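Just below is one structure, and these are the notes that go with it.
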Amino acid sequence: MSLPAQVPFTEINSLVFFDLETTGFKNAQITELSFFSIEKSQFLNSQKGKIPRVTNRLNMCINPSKPIEPQAAKITQMENRDLEHQSKFDDDVCDIILRFLNRLKKPVCVVAHNGQKFDFPVLKAEFARINQALPIDILCADSLPIFKKLEQMYGQEGKKIRLSYKLDVIYERFYGRIPDKSHEAEADVKTLLLLATFSPEEFFYAVQSSAIPLRDVPKSW
């Protein structure tokens, strides 16, 4: 498969699949996050519907400094009292995330579903709130438009079909069943990764062609 013309000269060496849960949508603070990193060759050689054996993983629950909105609590099945003994999003949490990312083979690209509008801006806002910053060489890519590109969007007689691109709905279209769990950060990362392994080569080069520096994404608040 030939590379798209717009692919940067330096090819991505590590993919980091990422998801977070938050207190809601307005000035959202993180309550849970998950990272699964996979080296390029491991990903390209992955089998459809299977998580590659060699992955690095980071999962954390965070005690937010604001109330979790009722709708968010209902979706994630987490309330403030469940997180009262977890650490705040502080320098130690930032250090753990940075150490996790810095040990990966570079260049590194973080992939999240609807990441450009939600996950990446929220993560950057949390870092900025405590005067921290993510590495300037980290790339990011949003899987939502990637799946729109990769999936057939035309039905009978060539009429365009309006499809949902929620993560669990895409998964059901691809695999004919719903994910085991949803709206848990680790579970959603697994779902995203399994979708990516449905066609790993096409997904990788779509990420490669659409990745931008994470520093260029504005923080959410």
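Each reported figure results from applying straightforward, stated rules to the coordinates on display, with no laboratory input. In this text the structure is predicted, and so the values were computed from the model without any measurement. Heads up, the Cβs are rebuilt from the backbone with ideal geometry, glycines too, and the neighbour counts pull from every protein chain shown.
Key figures
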{"read-out": "Principal-axis tilt of helix 200-210 within the chain, Cα atoms, nearest 10 degrees", "value": "70"}
{"read-out": "Tilt relative to the chain, helix 91-102 - C-alpha long axis, 0 to 90 degrees, to 10", "value": "20"}
{"read-out": "The stretch 14-215 - share of DSSP beta bridges that are antiparallel (%, nearest 5)", "value": "70"}
{"read-out": "Computed [θ] at 222 nm, helices only, for the chain once each DSSP H run of length n ≥ 4 contributes -39500 (n - 2.57)", "value": "-9500 deg cm²/dmol"}
{"read-out": "Sorted by Cβ density within 10 Å, fewest first, the residues Arg162, Arg99", "value": "Arg162, Arg99"}
{"read-out": "Highest-MSF residue in the chain out of Ile136, Ile97, Ile12 [GNM, Cα springs under 10 Å]", "value": "Ile136"}
{"read-out": "Per-residue ³J(HN,Hα) for the stretch 144-150, Karplus 6.51 cos²θ - 1.76 cosθ + 1.60, θ = phi - 60°, Hz, x for Gly and Pro", "value": "4, x, 5, 5, 4, 5, 6"}
